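Student: Take this structure, written in structure tokens, and hold onto it; I'll ask about it next.
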Amino acid sequence: MIGAIDAALIAGNHEAGRLQWVKAFWDRIGHPDGADMARIDDDRRRVNILPGTFDTVMRGAPGFFTPRHFSGFFMGMTVPPETASCHDTMPLRAGELVHFDGLNGELCADHVRASCSLPPAFPPVRVDGEL
């Protein structure tokens, strides 16, 4: 999952700005630490990550995924495969950080999303009609 995202960011941008785009993506989805993690013990590190973890569970990670808080999937209802997950990876489809027309081959944002499929956390993605 992470490798496919990084590969798309690197291959889908001009050489001079590739690392800038990788950094922009990961900065967007990350949470700043409330403390200098190198200077605190393990117990305080665990406490420090709780707010970011809670925020990610509730709001997702901008540009990566959003939570499916009210999905029938959680109640055992039959849902389309693309919605049978805890999270929705459609924000990756926007792909504003990757210029897919610069990649060799017929790759698109759905190929990257498909590489992130890890049910039940992240849903399967249909590419060319196939899951």
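Student: Given the condition touching a Lys or Arg at 6+ places or on another chain (Cβ under 7 Å), open to solvent by 60 Å² or more (accessible area, probe 1.4 Å), in a loop (DSSP other than H, G, I, E, B) and closer than 23 Å to Ala94 by Cβ, answer yes or no: does some residue in region 25-33 qualify? Before you say what the answer is, go through the steps one by one.
Tutor: Step one: list which residues in region 25-33 are touching a Lys or Arg at 6+ places or on another chain (Cβ under 7 Å), which gives none.
No, because not a single residue in region 25-33 is touching a Lys or Arg at 6+ places or on another chain (Cβ under 7 Å), open to solvent by 60 Å² or more (accessible area, probe 1.4 Å), in a loop (DSSP other than H, G, I, E, B) and closer than 23 Å to Ala94 by Cβ.
Student: In addition: Report every pair of residues separated by at least 6 positions or lying on different chains whose Cβ atoms are under 9 Å apart, first residue within region 72-84 and closer than 19 Å to Leu131 by Cβ, second of a type in the set (D, E, K, R).
Tutor: Pro81/Arg126; Glu82/Asp88; Glu82/Arg126; Thr83/Arg68
Student: What are the pairs with Cβ atoms under 6 angstrom where one residue, in region 13-25, is without any contact (Cβ under 8 Å) to a residue 12 or more places away in the chain and the other, located anywhere, is of a type outside the set (Phe, Trp, Tyr)? Sequence gap at least six, or different chains.
Tutor: Arg18/Ile10
Student: Right, here's the next one. Could you identify the single residue in Pro62, Pro51 that is open to solvent by 50 Å² or more (accessible area, probe 1.4 Å), in contact (Cβ under 8 Å) with a residue 12 or more places away in the chain and under 20 Å from Ser115 (Cα atoms)?
Tutor: Details: Pro51 fails: under 20 Å from Ser115 (Cα atoms).
Among Pro62, Pro51, only Pro62 is open to solvent by 50 Å² or more (accessible area, probe 1.4 Å), in contact (Cβ under 8 Å) with a residue 12 or more places away in the chain and under 20 Å from Ser115 (Cα atoms).
Student: Tell me which residues, restricted to region 69-120, are in contact with a strand residue (DSSP E or B) (Cβ under 8 Å, 6 or more places away or on another chain), within 23 Å of Phe54 (Cβ to Cβ), open to solvent by 30 Å² or more (accessible area, probe 1.4 Å) and of a type in the set (A, V, I, L, M, F, W, C).
Tutor: Cys86, Met90 - these are the residues of region 69-120 that are in contact with a strand residue (DSSP E or B) (Cβ under 8 Å, 6 or more places away or on another chain), within 23 Å of Phe54 (Cβ to Cβ), open to solvent by 30 Å² or more (accessible area, probe 1.4 Å) and of a type in the set (A, V, I, L, M, F, W, C).
Student: Taking Met37, is it open to solvent by 60 Å² or more (accessible area, probe 1.4 Å) and free of Cβ contacts under 8 Å to residues at least 60 places away in the same chain? It would help to see each step written out before you state the result.
Tutor: Working: open to solvent by 60 Å² or more (accessible area, probe 1.4 Å): no; free of Cβ contacts under 8 Å to residues at least 60 places away in the same chain: yes.
Taking the combined requirement at face value, the residue does not satisfy it.
The values are calculated or read from the model by the stated rules, or taken from the named source; none is laboratory data. If you're wondering where the values come from, they're calculated on a predicted model, not measured in any experiment. Heads up, the Cβs are rebuilt from the backbone with ideal geometry, glycines too, and the neighbour counts pull from every protein chain shown. Heads up: the accessible areas ignore ligands, DNA and RNA and are worked out on the full protein's heavy atoms, side chains in. Shrake-Rupley method; radii C 1.70, N 1.55, O 1.52, S 1.80 Å.
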